[in-house]
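To keep things clear, I will list the structure first and then write my remarks on it.
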Amino acid sequence: MNCHVCYWMLCSLICSAFATSTARGEVLLAFNGKDLSGFYTFVNNEKNDPEQQVFQVTNEGWLRISGAPRGYLSTDKTLSNYRLRAEFKWGSDDLASDSGIFFHAVPEDRLWSKSLEVQMRAGATGDLCLIGKGSTMKAHGKQWSKGCIPRPGKGDPQAEIEVKRGQWNQVDLTCRGDTVRLTINGKLVLEGTAAAPNSGRIYFQSFNGELFYRKIEFHSLTD
């Protein structure tokens, strides 16, 4: 292989790597696999109570959420205009496993803050739920102001998007202004507009059943 070919191959690899690194934008916040820096816990109406063992970092560098008592792990910062990439799996075989990622939670700390929720419940992962009075979104050709917006194909075994228990599910959420785009395991499940709230804290719920996260990353938008 001559030098010119090597040169152009090297340039191509560098350009490809640069495109990959910038396509997701700057990292705004990420779970570091060591501690809960950038986040705080809220359990039994108490912030950062050291006696609660609901949110722990495992030896593998994963975030373990016990599922009881109920509470959440919240970002310290209010966020808007970002892309969230998360990977989770259930830790138990309980078919009633239920959790969620609540985004744009406002204003105060409490369970079921006004927010939008990416539902993570066995058989319903990918639904988008409107939490609290004033939460709204337009999706699937209609305006929603309560309840949950069902994912396409829900209930159809042939259209199932969740992976088998013990495997990692991928959540990809992009929020730009008042628009929301959600994919689960690479499948587009929702494109919404006129979403409210459109900024706030993001929290990861402890509700029913043990689960693990091995990735939580927030990126700025690149265009």
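The values are calculated or read from the model by the stated rules, or taken from the named source; none is laboratory data. Quick caveat: nothing in here was measured; it's all calculated off a predicted structure. Glycine also receives a Cβ, built like all others from the backbone with ideal geometry; neighbour counts cover every protein chain displayed.
Of all residues in the range 118-163, those being of a type outside the set (D, E, K, R), out of contact with any Phe, Trp or Tyr (no Cβ under 9 Å at 6 or more places or on another chain), outside any loop (DSSP other than H, G, I, E, B) and without any contact (Cβ under 8 Å) to a residue 24 or more places away in the chain number 4.
Which of the residues belonging to the range 196-211 are farther than 19 Å from residue 77 by Cβ and buried (at least 21 other Cβ atoms within 10 Å of the Cβ)? Listed by number, the residues that qualify are 206, 209, 211. From the set of residues in the range 22-44 that are in contact (Cβ under 8 Å) with a residue 40 or more places away in the chain and surrounded by fewer than 13 Cβ atoms within 10 Å (Cβ to Cβ), which is farthest from residue 99 (Cα to Cα)? Looking at residues that are in contact (Cβ under 8 Å) with a residue 40 or more places away in the chain and surrounded by fewer than 13 Cβ atoms within 10 Å (Cβ to Cβ), I get 22.
If you go through the range 169-223 and keep only what is among the hydroxyl-bearing types (Ser, Thr, Tyr) and assigned to a strand (DSSP E or B), you end up with 174, 179, 183, 193, 203, 206, 213, 220. Residues that are among the hydroxyl-bearing types (Ser, Thr, Tyr), modelled with pLDDT of 75 or more and more than 27 Å from residue 135 (Cα to Cα): does the range 55-78 have at least one? Yes, the conditions are met somewhere in the range 55-78. Just to verify a result, which residue in the range 79-98, among those that are modelled with pLDDT of 95 or more and hydrophobic (A, V, I, L, M, F, W, C), is farthest from residue 124 (Cα to Cα)? Among them, the one singled out is 79. Quick one: which residue in 124, 96 is surrounded by fewer than 19 Cβ atoms within 10 Å (Cβ to Cβ), farther than 27 Å from residue 194 by Cβ and among the aliphatic types (A, V, I, L, M)? Being surrounded by fewer than 19 Cβ atoms within 10 Å (Cβ to Cβ), farther than 27 Å from residue 194 by Cβ and among the aliphatic types (A, V, I, L, M) holds for just one of 124, 96, which is 96. Looking only at residues in the range 119-145 that are among the charged types (D, E, K, R) and closer than 18 Å to residue 204 by Cβ, the one that is modelled with the highest pLDDT is 127.
Of all the residues in the range 185-195, those that are buried (at least 22 other Cβ atoms within 10 Å of the Cβ) and free of Cβ contacts under 8 Å to residues at least 60 places away in the same chain number 0.
In the set 89, 47, only one residue is touching a strand residue (DSSP E or B) at 6+ places or on another chain (Cβ under 8 Å) and exposed (fewer than 14 other Cβ atoms within 10 Å of the Cβ); that residue is 47. Within the range 151-171, track down each residue that is more than 18 Å from residue 94 (Cα to Cα) and either modelled with pLDDT of 95 or more or surrounded by 17 or more Cβ atoms within 10 Å (Cβ to Cβ) (or both). Hits for the range 151-171 are 151, 161, 170, 171. The set of residues from the range 133-143 being surrounded by 15 or more Cβ atoms within 10 Å (Cβ to Cβ) and under 18 Å from residue 199 (Cα atoms) comprises 135, 136, 137, 138.
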